[in-house]
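One structure is given below, encoded as structure tokens.
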Amino acid sequence: MQRRTSNNKSPYLAAIDIGTNSFHLVVVEILDGEKFRIIDRAKENVRLGSGAKDMKYIAADAIDRGITTLRRFGEIARTYRAPVHAVATSAVREALNQQEFVRKARESSGIRIDVVSGFEEARLIYLGVLQALPVYHHPILLMDIGGGSVEYLIGKKGDVQYANSLKLGCIRLTQRFFGNGRLQDSEIRACRDHVEGFLAPVARDTDGFPYDFAIGSSGTIQNIAYMIRAIRGEIMSPQVNNFSFSREELKQVVKAIIKARTAKQRLRIEGLDPKRVDIIVAGAIVLEESFKALGIKRMTVSEFALREGVIYDYLQKRVFQSGRKHHLANIRYRSVLKLAETFHYDERHSRQTARLALKIFDESKELHGLDDTEREFLEYASLLHEIGFFVSHAQHHRHSYYLIRNAELLGFTDNEIEIIANVARYHRKSHPKSKHEGFSKLGPADQGIVRKLAGILRLADGLDRSHEGHVRDLTCKIQNRRVVLKLKTKNKVELERWALNMKKALFEEVFRRKVEVKS
């Protein structure tokens, strides 16, 4: 999910899932279009996250373990000359020292980490599941139990109809309820009550979405499948993909887990992974309570999850950028439009602004040196730049930033959303400054991208000051000391000329050229 990978010609690709409990690496060979073949895997139990409520900090020793693992995974990927796409979830997402970990990881391993929201995590897991099970044409309920969070999703044909992420991960619940070594009935009841309370809104929200299959992914669910297989007396194959179990079978396993009051006793349960002996109680309770709350009668296991979803998402984007798919097939574009429509954007003005901004972008590539990914950011920021009017006219640019930044935009990393929100925020008023909170969250390279894109957006926004679409087309000529915009108009554009002159300063400051208008 790194940017600037669309031109990669390598036949291999690697994805890393940086989870709260463990890190996973998958290396694939790209076959054709959106198809791939897994050629290597690796897993390390890192235990990156800790915290009974919010995982506010990644401990220094956990950072060291994480970086050591990333270096090792990076070496594996390099043996295949495979570009690495690393995605971090709950533990990094919540950590106040997130940037410290991301920075140290980049400096030490050369791997860039993209942090994703819980909703985006659920979508990527769904994409992974679609590669493992023949359920594309069916509505499914998906559940994934991680160390820090649990994702729930209802989807059909690749479209997300519902998604949610709850702080019910097995490490989080273990540290909150089961930290004394020996299980107590009071702890089990308290944990069940806690999970039941969190699940009530999910049960209400998903009640109107019928589904054909309930799918479970993650180490916890796979390990419970192993234990159920042992109870059945089946051959203990390490593969559990497409393995199904019933509510009654789950109940039997959970009963056995809870009956074993100590870790030593639980180790005697056939099929239990010794590395999960301390966290399996919490994970089993979450799964059983989810079955109850959501009315699940039977669950099918997917061995593919987030990391495979990252691979497929990258391949989808590559196909889209090649022009082989219609714009509306792009999940990111549809997610942006949904947000714009939610806040009743001025569609005519926003689309005109986007059209003009992209024309300036395309004809000034020698000036800005940006690529298709940044072009996409500019388009989305243009479509969303005035949604802040939904809150208030005054300071609407800041409201636009807030609404974009806090929206659950699908298909984006947190950093990408931050860039888009900042570009929209700077379509008017003050220029980007390091003291501004949102802008300061970005690294120097991304701050430079924001400044360039915001400068272009201001020109385009000024050229539709009347909101009447008077500028039919334009050409952008780059000269030594100036940029000349030649306009094709259908009416007088004195208002647009005035507005452009008022808004061109950021562009001139960033690119060190004067902007002139001709028509």
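Could you work out how far apart the two model spin labels at TYR402 and LYS486 are, taking each label as a point 7 Å from the Cα in the direction of the beta carbon, and quote it in nm? Distance between the two pseudo-spin positions: 4.5 nm.
Note on THR262: accessible area is roughly 30 Å² with a 1.4 Å probe, heavy atoms of protein only. Here the chain has 48 percent of its accessible surface on carbon and sulfur atoms, given a 1.4 Å probe and all protein chains in place.
With Cα atoms as the point set, the stretch 57-112 shows a radius of gyration and Dmax of 11.3, 34 Å.
Computed over the chain, the per-residue total of -39500 (n - 2.57) for DSSP H runs of n ≥ 4 gives a 222 nm mean residue ellipticity of -15000 deg cm²/dmol, rounded to 500.
For the stretch 145-234, the list of trypsin sites (Lys or Arg not before Pro) that fall in a loop by DSSP and count at most 13 other C-beta atoms within 10 angstrom reads LYS157, ARG182. Converting phi to 3J(HN,Hα) with the Karplus coefficients 6.51, -1.76 and 1.60 and the offset θ = phi - 60°, the stretch 290-305 yields 5, 4, 5, 5, 9, x, 7, 9, 8, 10, 10, 8, 10, 7, 8, 8 Hz in sequence order, with x at every glycine or proline.
Once the GluC sites (Glu not before Pro) in DSSP loops with at most 12 neighbouring Cβ atoms within 10 Å are cut out of the chain, the longest remaining piece is 271-519. Normalised by residue number, the volume inside the convex hull of the Cα atoms of the stretch 104-207 is 149 Å³ per residue.
Shape class of the stretch 350-408 from the Cα gyration tensor (axes a ≥ b ≥ c, square roots of the eigenvalues): prolate, since a/c reaches 1.5 or more and a/b is larger than b/c. A crude spin-label estimate for the pair ASP473 and ASP61, with each label 7 Å from Cα along the Cβ direction, gives 6.7 nm.
Using R0 = 45 Å, the C-beta based FRET efficiency linking MET502 and LYS157 works out to 0.45. Once the 1.4 Å probe is applied to the protein heavy atoms, the chain comes out at 43 Å² accessible per residue. For the chain, the longest principal axis of the Cα atoms and the long axis of helix 118-132 meet at an angle of about 70 degrees.
Run the Debye formula on the Cα coordinates of the stretch 45-164, all scatterers equal and no solvent, and tell me log10 I(q)/I(0) at q = 0.21 1/Å. Values returned for q = 0.21 Å⁻¹ are -1.13. For the stretch 426-441, putting each phi into the Karplus relation 6.51 cos²θ - 1.76 cosθ + 1.60 with θ = phi - 60° gives couplings of 9, 6, 7, 6, 5, 6, x, 9, 4, 7, 6, 4, x, 5, 5, 6 Hz, in residue order, rounded to whole numbers and with x for Gly and Pro.
Pairs to check: LYS433/LYS477; LYS251/LYS292; LYS104/LYS433; LYS359/LYS452. Give those whose C-alpha atoms are more than 18 Å from each other in this structure. Flagged as over cut-off: LYS433/LYS477; LYS104/LYS433. Where a ≥ b ≥ c are the square roots of the eigenvalues of the C-alpha gyration tensor, would you call the stretch 372-519 rounded, which needs a/c under 1.5, or, failing that, prolate if a/b is larger than b/c, or oblate? The shape class here is prolate.
The values are calculated or read from the model by the stated rules, or taken from the named source; none is laboratory data. Note that the coordinates shown come from a computational prediction; the quantities given were computed from them, not determined experimentally. Cβ: placed from backbone, ideal geometry, glycine included. Neighbour counts: every protein chain shown. Heads up: the accessible areas ignore ligands, DNA and RNA and are worked out on the full protein's heavy atoms, side chains in. Shrake-Rupley method; radii C 1.70, N 1.55, O 1.52, S 1.80 Å.
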